[in-house]
Structures are given as C-alpha cells and as structure tokens.
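Peer 1: Have a look at the structure that comes next, please.
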Amino acid sequence: MCARVYSNFRPPLSIKCNPRPEPEVDPQVRRKKPARPCQQPAAAVLKDGGRAPVSGSGVQPAARRRGAMKLYSLSVLYKGDPKAVLLKAAYDVSSFSFFQRSSVQEFMTFTSQLIVERSTKGSRASVKEQEYLCHVYVRSDSLAGVVIADSEYPSRVAFTLLEKVLDEFSKQVDRIDWPVGSPDTIQYTALDGHLSRYQHNTMESLLERGEKLDDLVSKSEVLGTQSKAFYKTARKQNSCCAIM
C-alpha cells in the first residue's frame with residue numbers, strides 16, 4: 001500500500017530545482033584551449049614542405065640558390081679605339097624582379113663594353129663582380145665576346161661557348177660591318193639559342209647533334225677499362241660524374 005503511494009507520487013508544478021550556481025570567472029584570466037598536437041602554424045608547414053617561402057624570409061632568384069648555374073648575358077662586341085661597339089647580345093633576366101629587368105640589362109651591356117675596352121687583344125679573363133663572373137675573350141682581330149654568369153658556372157664552359165660564338169659570327173657577318181655595326185643592323189640570330197642551350201651547363205649541351213656521351217666514352221682511347229666500368233655504374237645510379 002505504501003509502496004504504491006510513493007511510486008505514484010509527483011512533485012507539485014510550482015516546485016523548481018535550482019542547481020548550485022557556478023562561480024563567476026574573469027574573462028581576462030580564462031585560459032586558452034591548447035592547440036591540438038597535430039596542428040601546426042601555416043608558415044611552419046610551408047617551410048617544412050617546401051611549397052612556398054615563409055613570410056618575411058624573402059625569395060632569392062633561382063640563379064642565386066645554392067647549386068644553381070645560370071647565364072645572364074651573352075654579347076658579341078668589336079674592340080674599337082677607344083670605345084667598344086656592341087654588335088649583338090642576348091639576355092636572360094627572368095630571375096630578377098620585373099621592375100629591375102630593364103636596369104639589370106643596361107648594366108650588363110655597360111659592364112660588357114667596359115671589360116672589352118680594358119682588355120688587350122688576344123686575351124682571356126674572368127672578372128668577378130659580387131656574386132657574378134664576367135668572362136671575356138678578345139680575339140686578335142678585335143672581335144670580342146662576353147659572358148656574364150653566376151659564380152658557380154664553370155669558366156671552361158663559358159670560354160668554349162665564346163669561342164664557338166665568335167667563330168660562327170665571323171663566318172656569317174662581314175668583317176667590314178664590325179666597326180660600324182649595331183644590334184639593329186647586324187644579321188645574326190643565333191645568340192638566343194646559344195644562351196638557352198648552355199644555360200644550365202649539362203654535358204649534353206656540349207655535344208654535337210646526334211652525339212651521345214655513352215658512345216664517346218665507349219670509343220675513348222684515353223679511358224681505361226676500369227674507368228669505363230665506373231662510368232657505366234655511375235650512369236645506372238643516376239649520379240654520373242660532371243665533366244668540366
């Protein structure tokens with residue numbers, strides 16, 4: 001009887017349950033929720049992943065990064081008395097800011113003319129200017145060539161390029177036009193192709209059309225059997241030695 005009474009008991013509607021109030025917390029001293037361990041700042045992700053530069057770190061031109069080899073200009077000039085005459089030139093200033101390219105190109109032209117004027121006929125030289133190297137070759141007939149590259153570009157390759165360009169230029173352009181020529185009047189269009197071909201100094205850029213380095217190595221009388229075997233092994237491992 002009593003159990004039935006208590007089981008059917010319902011509290012009056014006017015009765016309300018008031019829970020114990022929580023103590024007020026000053027918002028200024030409220031602790032911040034710790035970040036999840038798997039979350040990282042966006043800058044750190046970009047830095048570790050290498051997908052973009054960290055803000056404030058600055059972006060270096062591709063040619064200035066470690067391990068990069070780049071040509072910036074290739075010029076053909078005539079060493080007059082007393083001024084050097086620019087006959088033809090090709091430039092690659094894509095690694096510089098768009099607003100700096102015009103000034104950089106003008107400075108390269110000025111530097112090329114100055115170096116030729118200060119060089120003697122029949123001479124070769126490499127002049128360092130900050131992180132750049134200016135390679136100049138002045139032939140005995142006053143025809144000159146200048147390559148401006150970064151400091152890591154091999155000098156031997158630069159002078160090989162200059163010899164080839166000057167020899168080709170002298171065969172295509174009449175000598176009578178050298179002292180009075182200009183980039184607008186000289187009909188010689190191969191500089192851009194040479195600048196692009198020798199840009200990154202790969203061994204393939206030094207080979208003639210149709211030649212393969214593997215064939216030259218196998219036919220070489222200078223390399224011994226052990227050296228040829230070493231070359232083949234390195235070739236398979238994609239770590240062929242650089243020949244400069």
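Peer 1: I'd like to compare 128-137, 82-91: which one has the highest average count of other Cβ atoms within 10 Å, and what's the full order after that?
Peer 2: 82-91, 128-137
Peer 1: Tell me, what does the Kirkwood hydrodynamic radius of the range 80-185 come to in angstroms if you use every pair of distinct C-alpha atoms?
Peer 2: Radius from the Kirkwood sum: 14.5 Å.
Peer 1: Along the Cα→Cβ direction, 7 angstrom out, place labels at Arg101 and Glu117. What is the inter-label distance in nm?
Peer 2: Roughly 2.8 nm, to one decimal.
Peer 1: Determine the dipole magnitude for the range 62-206: charges of +1 sit on the beta-carbon of Lys and Arg, -1 on that of Asp and Glu, nothing else is charged, the reference point is the Cα centre, and the result goes in debye to the nearest 20.
Peer 2: Computed about the Cα centre, the dipole is about 340 debye.
Every number here is computed from the coordinates shown, using simple stated rules; none is lab data. Worth saying up front: this structure is predicted, and the values here are computed from it rather than measured. So basically every Cβ, Gly included, is an ideal-geometry build from the backbone, and we count neighbours across all protein chains shown.
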